[in-house]
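This report refers to the structure that appears directly beneath it.
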Amino acid sequence: GMNHVRMAVAQLHRDGLGGKSLQRWLSSLRSFFQFCIRRGWMQNNVADGISAPKSPKLLPKTLDVDQTAQFVAVEGDDFINKRDRALLELIYSSGLRLAEVTSLNLSDIEWGEAMLTVTGKGRKMRVLPIGAMAMTALKEWLVARKQYTQDNEPALFTTQRGGRISHRAVQMRMQQLSTTQGMD
């Protein structure tokens with residue numbers, strides 16, 4: 001049970017595994033146990049509530065695997081939730097900067113290939129793969145996007161007023177989300 005997991009963490013730590021790697025290991029374990037619970041092989045997640053020893057703090061502060069999963073798990077099926085989910089999944093899956101995601105156009109996505117063309121700093125173009133979760137979220141968002149967005153609007157991510165979402169709006173949504181998703 002829980003003690004086995006604790007002992008394993010302690011042993012791995014003694015063997016020199018760092019905090020980040022231990023967190024990743026615990027995260028995988030939690031996901032696996034979650035799968036076992038869904039299959040009815042286990043009753044409860046024995047890895048829940050066990051945390052890895054902290055790594056020395058490095059800047060800038062990034063989210064660990066669990067936090068990212070929690071942040072990206074936007075619930076709800078309205079326009080804004082679908083947009084936020086697609087936006088976050090895309091940032092996460094393709095490693096985009098904020099300015100890059102707000103400047104994306106519909107035409108930047110190659111749907112068949114699940115690829116994305118991004119214009120980064122210094123007008124440099126790069127082509128990135130889009131993860132499966134992000135693809136699903138994007139397809140759902142496209143349906144919702146039609147509600148408020150004219151056919152001639154090129155922006156991928158739009159507001160309820162029908163225009164391109166701003167940098168600031170995304171920052172504010174992320175702050176709100178981190179609060180509603182119970183994160184600091």
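The values are calculated or read from the model by the stated rules, or taken from the named source; none is laboratory data. Keep in mind that this is a model prediction, so the values were computed, not measured. Note: ideal-geometry Cβ built from the backbone for every residue, glycine included; neighbour counts use all protein chains shown. We work out accessible area using only protein heavy atoms, side chains counted, and drop any ligands, DNA or RNA first. Shrake-Rupley method; radii C 1.70, N 1.55, O 1.52, S 1.80 Å.
Quick notes
- Some residue of the stretch 84-95 being assigned to a helix (DSSP H, G or I), aromatic (Phe, Trp, Tyr) and either loosely packed, with under 14 Cβ neighbours inside 10 Å or modelled with pLDDT under 55 (or both): no
- Restricting the stretch 44-72 to residues that are farther than 25 Å from GLY16 by Cβ and modelled with pLDDT of 55 or more, the residue that is most open to solvent (accessible area, probe 1.4 Å): ASN44
- Within the stretch 157-176, restricting attention to residues that are surrounded by fewer than 18 Cβ atoms within 10 Å (Cβ to Cβ) and of a type in the set (A, V, I, L, M), the residue that is modelled with the lowest pLDDT is MET174.
- Restricting attention to the stretch 21-43 and to residues that are closer than 18 Å to ASN3 by Cβ and more than 25 Å from the chain's Cα centre (by Cα), the residue that is least open to solvent (accessible area, probe 1.4 Å) turns out to be MET42.
- Residue list for the stretch 1-20, filter: surrounded by 12 or more Cβ atoms within 10 Å (Cβ to Cβ) and in contact (Cβ under 8 Å) with a residue 12 or more places away in the chain: MET2, VAL5, ARG6, VAL9, LEU12, HIS13, GLY18, GLY19, LYS20
- Screening ASP77 with (1) modelled with pLDDT under 80; (2) in a helix (DSSP H, G or I); (3) farther than 30 Å from HIS13 by Cβ; (4) of a type outside the set (Val, Ile, Thr) gives one miss only, at (2).
- From the list TRP25, TRP41, the lone residue that is farther than 30 Å from LYS121 by Cα, in a loop (DSSP other than H, G, I, E, B), at pLDDT 80 or above and not acidic (Asp, Glu) is TRP41.
- Within the option set THR117, THR136, being polar (S, T, N, Q) and assigned to a helix (DSSP H, G or I) holds for one residue only, THR136.
- Test: residue in the stretch 123-142 that is among the small types (Gly, Ala, Ser) and closer than 13 Å to LYS82 by Cβ: yes
- Total residues in the stretch 96-133 satisfying the condition of being among the hydrophobic types (A, V, I, L, M, F, W, C), surrounded by fewer than 17 Cβ atoms within 10 Å (Cβ to Cβ) and within 23 Å of ASN152 (Cα to Cα): the figure is 5.
- When the stretch 144-156 is limited to residues that are free of Cβ contacts under 8 Å to residues at least 60 places away in the same chain and either buried (at least 17 other Cβ atoms within 10 Å of the Cβ) or not polar (S, T, N, Q) (or both), the one that is nearest to TRP111 (Cα to Cα) turns out to be LEU156.
- Across the stretch 94-102, a minimum of one residue is classified as free of Cβ contacts under 8 Å to residues at least 24 places away in the same chain and over 14 Å from the mean Cα position of the chain (by Cα).
- Qualifying positions in the stretch 95-128 - closer than 17 Å to GLU140 by Cβ and either small (Gly, Ala, Ser) or touching a His at 6+ places or on another chain (Cβ under 6 Å) (or both): ALA114
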